[in-house]
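The values are calculated or read from the model by the stated rules, or taken from the named source; none is laboratory data. Here the structure is a predicted model, which means the values were calculated and not measured. Note: ideal-geometry Cβ built from the backbone for every residue, glycine included; neighbour counts use all protein chains shown. Keep in mind that these areas ignore ligands, DNA and RNA; they rest on the heavy atoms of the full protein, side chains included. Shrake-Rupley method; radii C 1.70, N 1.55, O 1.52, S 1.80 Å.
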Amino acid sequence: MGIHKQGDKSKKLNYGLFIGPIVYFLEKDLQYVKNENYEGTMKNGIKELYGIFSDINNEKYIGEWKNDKKNGKGRLYSKDKLIYEGEFKDNQFEGNGKFIMEDGNYYKGPFKNNYKHGKGKLFDKDNNFIKDVNYKYDKEEYLSSDGNDLISNRNINYNPKNIDEKKNHK
């Protein structure tokens, strides 16, 4: 991460923050700040554009900011271990992302209001596909055998006795 100066044909200088191959051009009132908890750009004292934030609970966020909140693409670490990588909106997981569980397995798919929400995929820690999943606010809904229809986990009344009785009545 660093500051980049670029001149244009009018000899006007543009300042930008570069992270790897990406350059974010800074507006006149944006400033680059580095202190014990935050390194990145700020506008009028609030986090804006891109930065790295660490808190006293050993959580670290590296990514995009808007109006002092995590907004855009970013990565969230807990105790130096990546736990989420993807899109944020107003400090919450929102959009597509990858959530890594304690055992190393991970979910890749959509999020809504910090919850797994929609059709996604589960993988083991070695990146092997486990299964297709569908979540509704972090509760798994089960896909039919063809993968198209949803069976809500609230509507499953599996009773082997009832199934046997139905077979005998045919």
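Can you give the net charge of the other residues whose Cβ lies under 13 Å from the Cβ of residue 81, counting K and R as +1 and D and E as -1?
Counting the neighbours of residue 81, the net charge comes to -1.
Might you work out the accessible area of residue 90 for me, using a 1.4 Å probe with all protein chains in place, and round it to the nearest 10 Å²?
Accessible surface of residue 90 is approximately 80 Å².
Which length gain, in nm to one decimal place, applies between residue 124 and residue 56 when the Cα-Cα distance is subtracted from 0.36 nm times their residue separation?
Length gained between residue 124 and residue 56: 21.4 nm.
Enter the accessible area of residue 78 (Å², nearest 10), with the probe set to 1.4 Å and all protein chains included.
40
Once you've got the Cα coordinates, tell me which of 60/131; 98/121; 43/116; 98/131; 43/89; 89/131 are over 21 Å apart.
Those over the limit are 60/131; 43/116; 89/131.
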